[in-house]
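Notes to accompany the following structure.
Taken together, the values in this text are just the output of simple stated rules run on the coordinates, not laboratory data. Note that the structure is a prediction, hence the values are computed from the model and not measured. Neighbour counts are summed over all protein chains in view; Cβ atoms, including those assigned to glycine, are modelled from backbone coordinates with ideal geometry.
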Amino acid sequence: MAGLSKSKLIAHRQCPKRLWLQTYKPELQEIDSGQTSRMDAGNLVGDIARSLHPTGILIESGSLSQDLIDTKTLVSAKRRKPLFEATFKASNVLVKVDLLLPVRNGYKLGEVKSSTKVKPYYYDDSAIQAWVVKKCGLSIIQTNLVHICNRFVYPGNDSYNGLFTHANINPEILELEVQVPKWIKAAQKTLKGVEPRIDPGTQCNQPFDCPFINYCSPAKKPAKYPVNILPRSSKLISELEEAGYKDLRKVPKKKLNNSRHLRIWNVTKKGKYYLDPKAKKLLDDFSWPRYYIDFETISLAVPVWKGTRPYQKIPFQWSCHIERKDKSLKHYEFLADGNNDPRREFAETLIKAVKKRGPVFVYNAGFENMIMRELASDFPEYEKQLKAIINRVVDLLPIGRDYYYHPNMMGSWSIKKVLPTIAPELDYSQLDVADGGMAMEAFAEIMHADTPPKAKLKLQDDLLTYCERDTLAMVKIAHFFQEN
Ligand code: SF4
């Protein structure tokens, strides 16, 4: 029988069928596209965690059996050193330990995570590791969850002391450790048997999205307007689904009492969009010129620019359309080159483009305002100008949410849902960068030293096209509200 590993046991803990499928029918799994970038981020976090123990030794020969031998030699050496990826095997379960740090009378075991807090499902991971390592005869004094500290501010010069919090999780895992032999037996039994008959349920996305979901629950033909398009109402949706309602149009009016739900229901039933003339009235009142702006940001687990924090949203791009009373449009933009901290140049160029007068339209003001507030606090010399821009901000999202709905929006007022109902010619699906997540990945690639110059140019082009599309979309939406 093939051996087990920590990740296989964790898969079995989530669902026995998951482990069976990944062992015998791995071709059925569907890996989501964000997984590669999450793995890259995780690898970088691991590298930094190791760099904080400069005398440490990385055990990575390329062969697991050699890694086992190397680990054995190093843990029995007279002068013990921190070990990275120390490899152990017990009861046919193989584990690799991120950090094994020698302390008086034993070791501290560390599992490195790129999250900013301890999540309950990490305990199983660490319990398996600690159990196997102890079975191999090592004395583990403490097991730590080594996670990112979100209060850390990068001081520059590759100095990452303080980036990690070592959370002692001994109390939580000690009682789990005694269950590990049971988990191993159960997993071995599953692997000896035929494909388990388990129906999809809450386990399919807790604690992780299972990559076999499409195999286990093949898509049924969905209703044209499923009841789950009703926004912010999971309780009501469950009640309606339990009562057998699939299509929103079949739900009786008396079952809905929220005015937004009623509007969605009404418009969906009629099949015709709704636009309240109040939207026009509201927009008519704004002066000219009008500015339409949109920002793109990147969040890095390991900050690379002095003065920034882990996962801080760092703005690297803006787009601005300026519209005059005669409806003429001019477009301005900024995209950082990815070599240096982009924030100062971002703020300077934005202030210059947005001038001093005229409404500044955004779509979902919370985000743009938060970025400008952070810039104002990080660069006090621009505080006055940035706060003045914030005071001019007009949010198009609530105007749409209060006064517009089209059946094709399927319960969402995101710009990507609204735009095709108003200006289908501005289709995002043709773009190589088509949403904020893709923009972040594209900029991360631009920042990477190994990305060839030609590929960088293409990525820059994709980003500029995408962000310009976002602000042009806002112009179209505002025109539609005013002219219909
Ligand atoms: S999709 Fe659900 S039922 Fe199927 S293997 Fe995954 S967790 Fe198990």
*Arranged from highest to lowest average of other beta-carbon atoms within 10 Å per residue, in what order do the peptides 400-410, 194-204 appear?*
400-410, 194-204
_With both bridge residues required to lie in the chain, what share of the DSSP beta bridges run antiparallel, to the nearest 5%?_
70 percent
_Range in the chain, longest, excluding exposed GluC sites (Glu not before Pro) [loop by DSSP; at most 16 other beta-carbon atoms within 10 Å]_ = 61-424
*How would you classify the range 136-224 from its alpha-carbon gyration tensor, with a ≥ b ≥ c the square roots of the eigenvalues: rounded for a/c under 1.5, else prolate if a/b is greater than b/c, otherwise oblate?*
oblate
*Can you sort 131, 413 so the residue with the fewest Cβ neighbours within 10 Å comes first?*
413, 131
*asked:* How much of the DSSP bridge set in the range 4-192 is antiparallel, in percent, rounded to the nearest 5?
replied: 65 percent
_Mean Cβ count within 10 Å, highest first, over the residues of peptides 384-390, 13-19_ = 13-19, 384-390
*Quick one: grab the alpha carbon gyration tensor of the chain, order the square roots of its eigenvalues as a ≥ b ≥ c, and give me rounded if a/c is under 1.5, else prolate or oblate depending on whether a/b is larger than b/c.*
oblate
*Taking the Cα centre of the chain as origin, sum charge times position over the Cβ atoms of Lys and Arg (+1) and Asp and Glu (-1), and report the length of that vector in debye to the nearest 20.*
1660 debye
*asked:* Between residue 484 and residue 461, what is 0.36 nm times their sequence separation minus the Cα-Cα distance? Round to one decimal in nm.
replied: 4.9 nm
*Any chance you could run the full-extension gain for residue 390 through residue 423? It's 0.36 nm times the residue separation minus the Cα-Cα distance, nm to one decimal.*
9.1 nm
*Relative contact order of the chain, defined on C-alpha pairs under 8 angstrom at six or more residues apart (%)*: 13 percent
*In which sequence would 153, 93 go, from the one with the fewest C-beta neighbours within 10 Å to the one with the most?*
153, 93
_I need the calculated FRET efficiency for the pair residue 250 and residue 76, taking r as the beta carbon distance and R₀ as 60 Å, to the nearest 0.05._
0.25
*Treat the count of other C-beta atoms within 10 Å as a stand-in for reagent exposure and order 320, 216, 467 from fewest to most.*
216, 320, 467
_MRE, 222 nm, helices only [DSSP H, n ≥ 4, -39500 (n - 2.57), over the chain, to nearest 500]_ = -13500 deg cm²/dmol
